[in-house]
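The values are calculated or read from the model by the stated rules, or taken from the named source; none is laboratory data. Predicted model, so just to flag it, every value in this text is computed and none were measured. No Cβ is skipped: glycine too gets one built from the backbone with ideal geometry, and neighbour counts run over all protein chains shown. Please note that ligands, DNA and RNA were not included when accessible areas were found on the heavy atoms of the full protein model with its side chains. Shrake-Rupley method; radii C 1.70, N 1.55, O 1.52, S 1.80 Å.
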Amino acid sequence: MTGADLEEALQRAQKGDSEAFRLLYRDLQPRLLRYLHTLAGQDAEDIASETWLQVTRDLAGFTGTYDGFRGWVATIARHRALDHLRRTQRKPALPVPAEDLASWPATGQSADTAQRALDAVATTSAIALIATLPPDQAEAVLLRAVLGLDATTAGHVLGKRAGAIRTAASRGLRTLGKKLESGEAQPLTGDRRTRGIPSR
């Protein structure tokens, strides 16, 4: 689907078109789940369900573009995840093991490791590796690379300026690239917990 198709689907969904809403859901849900898995581990699907319930309830009042819609959904999801984590009084967990990212071959002799890290973001293993970053960098990388938000929209989600988001994402991607290049990317075992996601 093109951006124009998604813009049109958003407008139709706001008028109650359930097929248009399904298109929005199918486009965003897989990336949203990857983001939530990093924040809340195995509870991601429950939190995503709560997020979509709120989205359906409040969609008619949303104003903005499809990119703005993705940011709005990410903000709702993040708030739901943080509320859930506070209720359960535990730190975000990522039970998914990271497997052999360091052994992936480069695409050329001087392959850009940051680009390799970006390319790998869509995989479960990469999400686990991203969770090892400092929280501000991890969320910036997830919002930019996984959810596909621009720096301004990601900044709105996290309550930061676009420049801070670009910097955090860049640092995070460089760190991931170095880990991949050096073979530092270690599999996560058991219920290894991330270092906590900043509160809203």
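Structure notes:
- Cβ-Cβ under 9 Å pairs, at least 6 apart or on other chains, segment 14-25 side open to solvent by less than 70 Å² (accessible area, probe 1.4 Å), far side of a type in the set (Lys, Arg): ALA20/ARG12; PHE21/ARG12; LEU23/ARG12
- Scanning segment 159-183 for residues being crowded, with 16+ Cβ neighbours inside 10 Å and either touching a residue at least 60 places away in the same chain (Cβ under 8 Å) or touching a Cys at 6+ places or on another chain (Cβ under 8 Å) (or both) gives a total of 5.
- From the list ARG31, ARG80, the one residue that fits, being assigned to a helix (DSSP H, G or I), modelled with pLDDT of 90 or more and in contact with a Gly (Cβ under 8 Å, 6 or more places away or on another chain), is ARG31.
- Flag if ALA60 is open to solvent by 50 Å² or more (accessible area, probe 1.4 Å), small (Gly, Ala, Ser) and either within 19 Å of VAL141 (Cα to Cα) or part of a helix (DSSP H, G or I) (or both): yes
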